[in-house]
Every structure is written in structure tokens, then in C-alpha cells.
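Worksheet for the structure shown next.
No lab work stands behind these numbers, since they all come straight from the coordinates. This is a predicted model, so every value here is computed, not measured. Here the Cβ positions follow ideal geometry from the backbone for every residue, glycine too, while neighbour counts run over all protein chains shown.
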Amino acid sequence: MATPQTRLTAPAGACDAHMHIYDRRFIADGASLAGFQEGASVDDYRRVQTRIGTQRTVVVTPRIYGTDNAVTLDAIRQLGHDRTRGVAVLSPAVTDTQLAALHDGGIRGIRFTLYTPAHAVVTFEMVEPLARRVAELGWHVQLHWTAAQIVEHQAMLARLPSSIVFDHLARLPLPERTSHPAYDVVRRLADNGRVWVKLSGPYLDSALGLTHGYADTTPTARAWIDALPTRVVWGSDWPHVTETHKPDDADLLDLLGTWTGDDATRRRILVDNPAALYGFATAQ
């Protein structure tokens, strides 16, 4: 592997725990290409891995594919079952046989992208029944919700039997950050040992933006690292579908260096924590 183009050297077994693959082969004939990302194939992502030095990956099914997870299963096969996992999007119509096949294909979680419900392919009503079904497989539910939605649905979240992964710093807004009620909701839920937060998507709630390296997200990221040291994972969110001006993935990995103070913490976030969450072999 070529020398990574980052200041931060990723340790052996480092995982990018949140990215997406877009492949025209899995777009149905005649389907809309709205939201499709060019240059986001498996081969394109391999170049990202070379650039940032990660070896493990978690592929998350993009919204444009609805509940068809073929693109994610194919990416897992191409990138390698031993070092790749997937997060699917499902409806309650999924059968037990289909769930078993997804598990065999490397899926370990299901995602509910509901921060803009009008454009979602899932609903809040689906979360609890599906969480109960996938909990039997050891999967988690991954939530891309606004902080306000986390507060609104806290009673339901407390009932879920599965682990819960909150996307993108749990979308704590500025200027509230940890003073937003969602922070306390997640902290209380975390008492059961089954709550995780992804250190990803810093641009989603940054006022300073790309020019200033999303520096205003640092207090939020550090708060999660301090609160949940063994249950935070890092993700690039490549190919950054929300952003007109795409960040450099090497800079995003280096941002983790700003958020953390030592190599041991970074190794835990990049290697040990994702190994525990996604079932990777322990890295030597």
C-alpha cells in the first residue's frame, strides 16, 4: 500500500466505519438518477483507502437505492468479507430468510435516515419492530436523526433491544452542542452499554465550514470521546453527498487527530471499537 497522504498515521486494522458506494449496475432500468454520485465506485474507494491508510470498511446503503441492498453486498464482496461490513436499509416486509442471507453477506446493522422524513424510504414506526427482529442476529440500528428527533422519540429508543448507533456526532446543533437535550438523552441511553456514536460528517452541523476545517465541531467530538471512550467510531462519510465542495478525506482523518490527544485513544477509535461493534477480528 502506498504511503498515506495524512499527517495522522492510521494504525494496522484501522476502520472507516461510514461510507457509501454508488454503482450504476444496481440502478433499476428507468429509475431516477437523482442523487446518484459519480466517481463513487468500489475502485474509487480503494484509492481513498490508499490515501488515508485504513484497511477496514463499513459500507452503508445510500438512500437512492431504497431498500435494495445489492450495491452494498457487492461492495462487501469486492472489498473482502474479512475486512468489510455493511449497514442495510430494510422494510418490515423483509423475511427471515432474507435477513439470514444479508447476515451471511456481511450486514451487521440497519439504518433509519429520517432527518428529512419527507424524502425517507423508512418511517419512525418501522424502527421498533425491525430493531426487535435484527437484535436476534446481533445487529444494531443506526440512526441519522436530528437532535430534536432524538429527544422526541427518546421513550421509543429506550425500549429498543438492539444496540443503537447515532450517526454524525448525533447531529448536535450549534451553538448548543452538549447543552442540547439530545446529548443527555444519548448519555442516559448509553448507561445500558449498547449505545455508540459515529465521529463523522462534521460538515453537517458546522458553521465554520470547510475553509476553517470544521473547527467548531471539535468540542462536540471531544465530548463524545470523553463520554463514550469505548463506543465511538470514526467514519469518512465518503463521498460526502451533502457537500458541494467536497472535503479531502486525508484532512478528515487528520481532524480526528485534533479531536484526540494520544495514539492509544486514536487506536481505540479506529481499531478496537469498530472491531467490537462490527465483529472484526482483533488486530495485532
- [ ] As a check on your grasp of the helix formula, calculate [θ] at 222 nm for the chain: sum -39500 (n - 2.57) over DSSP H runs of n ≥ 4, divide by the residue count, round to the nearest 500.
- [x] -9500 deg cm²/dmol
Task: Placed amide H near Ala14: partners under 5 Å, 5+ positions off or other chain - done: Gln55, Arg56
Task: Alpha-carbon Rg with Dmax, taken over the range 20-101, Å - done: 13.3, 40
Open item on the list: How charged is the neighbourhood of Thr211? Take every other residue with its Cβ under 15 Å from the Cβ of Thr211, and add Lys/Arg as +1 and Asp/Glu as -1.
Closed with: -3
Open item on the list: Among 180-193, 65-78, how do they line up by average Cβ neighbours within 10 Å per residue, starting with the highest?
Closed with: 65-78, 180-193
Open item on the list: Viscosity 1.002 mPa s, temperature 20 °C: give me the Stokes-Einstein translational D for the range 107-176 in µm²/s, with Rh taken as the Kirkwood radius over C-alpha pairs.
Closed with: 173
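Taking the highest mean first, how do the peptides 232-238, 89-95, 111-117 order by number of other beta carbon atoms within 10 angstrom per residue?
Answer by packing, highest mean first, reads 232-238, 111-117, 89-95.
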Task: Amide H contacts of Ile21 (H built 1.01 Å from N, under 5 Å, at least 5 apart or other chain) - done: Val60
Open item on the list: So if the hydrodynamic radius of the chain is defined as the Kirkwood radius over C-alpha pairs, what does Stokes-Einstein give as its diffusion coefficient at 20 °C and 1.002 mPa s, in µm² per second?
Closed with: 114
